[in-house]
Amino acid sequence: MPAPQCASCHAARAALRRPRSGQALCGACFCTAFEAEVLHTVLAGRLLPPGAVVAVGASGGKDSTVLAHVLRELAPRLGVSLRLVAVDEGISGYRDAALAAVRRQAARWDLPLTVVAYADLFGGWTMDAVARSTAGSGRSRACCTFCGVLRRRALEEGARLVGATHIVTGHNADDMAETVLMNFLRGDAGRLARGGGLGSRGEGGALPRCRPLQLASQKEVVLYAHFRRLDYFSEECVYAPEAFRGHARHLLKLLEAARPSAALDLVHSAERLALAPAARPPPPGACSRCGALASRALCQACALLDGLQRGRPRLAIGKGGGARDEEGPPPPPPSDPGSAPGPADGECGAACKERCE
Ligand code: SF4
């Protein structure tokens, strides 16, 4: 049976059905609609004001690749300028290839690229070194949680280095739904109280962050990359299969099989369940060592590095609001380690969203 006509241009044959609406579109009309929806998300949420210098967190994976491409298309209409900022976590056999993809993108799109490395920022510590130091401690499975804390700091440092006023990351609706599920599963009331939202306004001197793809489904991000013929990196990070996020992803897939709108419903639920700003805990203070946002004497990154130096890396996860910079019991391991599914499409970026939004 021949493909139906595109429901938008009525000229070309449809190349896909949009996963959520079922609308049949040709590739060109789908890409136009996708870009228009991201533009609407940015404008309606007032995420990026005209004149903003925007640091795009670039991992080389499909989400950040699509985000950078779409924002580059929209930049003249938004009146913003873009900088790519990539983080080198120091993961041998993996990150070098991902950074090569980012460099190709920067050259192809003629965008300035800055790479910040854990080793330079964190006194020589790389993610491989962190993994070695936690091996056999019962916390080796928390690599992504440690990494997420350091990545968040590294991206902030990189953005400041390039004079950015705003940071954007490539989280899509599926990522956000997984985060909501993880917060529930971990009993992380602090994060649930803050809700999802499209980003943070930059409390306590931190740069404002936002997620322009937050309402776009993973499937449509992949379709957009396909129709725009984007070059992205799709190998899996060696530590990704250990990530707790894999369990939330598996659960979300089961939910979506029964209810296709489950991911977006979870995103909207988190926004509706969030406490009003006035009811939330007061804004955190500053880290006594580095000056970054902190709810205790040391921020999460400094507390983690401190623990690594002492051979006792700690990050508790739970009711108080995300990874905490305190001594405490380690997070419980997943109940069935052997069955932990890895990222659905092998892209590190998804697992990298463990704690960096
Ligand atoms: Fe870091 Fe991402 Fe690798 Fe996890 S999957 S260790 S967050 S680079």
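Numbers at a glance
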{"quantity": "Boolean, C29 is within 24 Å of G170 (Cβ to Cβ), buried (at least 19 other Cβ atoms within 10 Å of the Cβ) and of a type in the set (A, V, I, L, M, F, W, C)", "calculated": "yes"}
{"quantity": "Single match in A36, A106 (criterion: outside any loop (DSSP other than H, G, I, E, B), touching a strand residue (DSSP E or B) at 6+ places or on another chain (Cβ under 6 Å) and either free of Cβ contacts under 8 Å to residues at least 60 places away in the same chain or not assigned by the TED database to the domain that holds D231 (or both))", "calculated": "A106"}
{"quantity": "Any hit, segment 10-33, residues being of a type in the set (K, R), in the same structural domain as C147 (by the TED database) and not in a loop (DSSP other than H, G, I, E, B)", "calculated": "no"}
{"quantity": "G205 of a type outside the set (D, E), within 16 Å of the ligand (Cβ to nearest atom) and surrounded by fewer than 23 Cβ atoms within 10 Å (Cβ to Cβ)", "calculated": "no"}
{"quantity": "Candidate set: segment 220-258, residues that are modelled with pLDDT of 90 or more and of a type in the set (S, T, Y); chosen: the one farthest from the ligand (Cβ to nearest atom)", "calculated": "Y224"}
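Condition check ((1) at pLDDT below 90; (2) more than 16 Å from the ligand (Cβ to nearest atom)) across all residues:
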residue	(1), (2)
G61	no, no
V70	no, yes
L84	no, yes
Y94	yes, no
Q105	no, yes
D110	no, yes
A154	no, no
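Each row is one residue, and each column tells you yes or no for (1) part of a loop (DSSP other than H, G, I, E, B); (2) touching an Asp or Glu at 6+ places or on another chain (Cβ under 9 Å); (3) surrounded by fewer than 22 Cβ atoms within 10 Å (Cβ to Cβ).
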site: R153; (1), (2), (3): no, no, no
site: E157; (1), (2), (3): no, no, yes
site: G170; (1), (2), (3): yes, yes, no
site: D175; (1), (2), (3): no, yes, no
site: H226; (1), (2), (3): no, no, yes
site: R229; (1), (2), (3): yes, no, yes
site: F233; (1), (2), (3): yes, yes, no
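The values are calculated or read from the model by the stated rules, or taken from the named source; none is laboratory data. Please read these numbers as outputs of a predicted model, since none were measured by experiment. So basically every Cβ, Gly included, is an ideal-geometry build from the backbone, and we count neighbours across all protein chains shown.
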